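These notes concern the structure reproduced below.
Bear in mind these aren't lab numbers, they're just calculated from the coordinates by the rules spelled out. These numbers were taken from a predicted model, which means no experiment stands behind them. Cβ coordinates were reconstructed from backbone atoms using ideal geometry, including for glycine residues, and neighbour counts include every protein chain displayed.
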Amino acid sequence: MVRNPLYAFVLDQVKKEIHESPHELIQMLSKENKENIIQEISNMVETIWQSPDRVLALREQLIVRMLTEVHFEIFMIEPGHQPSFNGISGELKEYLPEFAQKQIDSGDFVWRQERKPTKDEAYDLVWGKLWRSNLDSKILGQIRIYLKDYNTNPERDWYLPLRYACAAWVEYQFRQEYSLKQVIDGLLAVQYSTFLDCVSQGHKDPLAEWEKTYNQVFPMPSK
C-alpha cells in the first residue's frame, strides 16, 4: 500500500499547532484530547486521498471546515477590523455569551442548564472552537496547493473570496435568526452563498464562474 503523501503536511502542522503551541489553552489539552484531534485530522486526510476525485473531496471538506471556522470567527473580530468586507461587521462580539450558551455543545459546563457563561468563559470556549476549525482549514489549504487546485495569480485565486463569502453568509444567517438589523440585503447574501456552489460543483475557476454568473467583479475587501 502506497503511503499517503499528504501526511507530511499533517505532521508538520500538528507539530507547530499542537505540540509547540504557545497558547496556554492548547498546552492544557490532555494527551488523549491531542491524540483524538490528530486522529480526526488523519481520517479527514485519508478520506481525501482515497476519494476517486481528490479535488472535489478536498473542496467538500474545505467548505465544511471553513463554514465552521467563520461561524466562530465572526464573534471574535472587532468593529473597524481590517481588511473590511461588506457583510462582516465585527459587531457580534457582544453576543458571545448567548452564542456560546445556545450554539456550542458545552459538555458539562453548568451554564448549559443554569446560566449564561461570562464573557471570559465564552471567549475561551469560542476561541478553542475557532482554533480547532482553523487547524483543519490550514491543513486543507496546504493540501489544496499540493493538488494544484489554485490560480497561480494570487489576485485571481478563489480561496480568500470563498472565505469572505462564507463569513458574510454566516453572519447574515445569524442576524436573521436573532432578528438583528442586517448589514447587507438578502439578495447579496444569497449571491455570496452561491460562491460555495461554484466551489463544490467543481468549476475549475470558481471565482471566474461566480463573476460570470453575476456579471460583476467579486468585491474583495478594502485594506
Scan segment 2-18 and give yes if some residue there is surrounded by 15 or more Cβ atoms within 10 Å (Cβ to Cβ) and closer than 18 Å to Asp124 by Cβ, otherwise no. yes
Would you confirm whether or not segment 164-173 contains a residue that is surrounded by fewer than 18 Cβ atoms within 10 Å (Cβ to Cβ), out of contact with any Ser or Thr (no Cβ under 8 Å at 6 or more places or on another chain), in a loop (DSSP other than H, G, I, E, B) and on the phi < 0 side of the Ramachandran plot? no
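Is it the case, given these coordinates, that Leu92 is within 27 Å of Asp149 (Cα to Cα), in contact (Cβ under 8 Å) with a residue 60 or more places away in the chain and under 18 Å from the mean Cα position of the chain (by Cα)?
Judged against the criteria, Leu92 is not a match.
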Are any residues in segment 74-91 surrounded by 12 or more Cβ atoms within 10 Å (Cβ to Cβ) and either among the small types (Gly, Ala, Ser) or on the phi > 0 side of the Ramachandran plot (or both), and if so, which ones? Ser84, Gly87, Ser89, Gly90
Quickly run through segment 56-87 and pick out the residues that are touching a residue at least 60 places away in the same chain (Cβ under 8 Å) and either in a strand (DSSP E or B) or closer than 19 Å to Lys204 by Cβ (or both). Leu56, Leu58, Arg59, Glu60, Gln61, Leu62, Ile63, Ser84
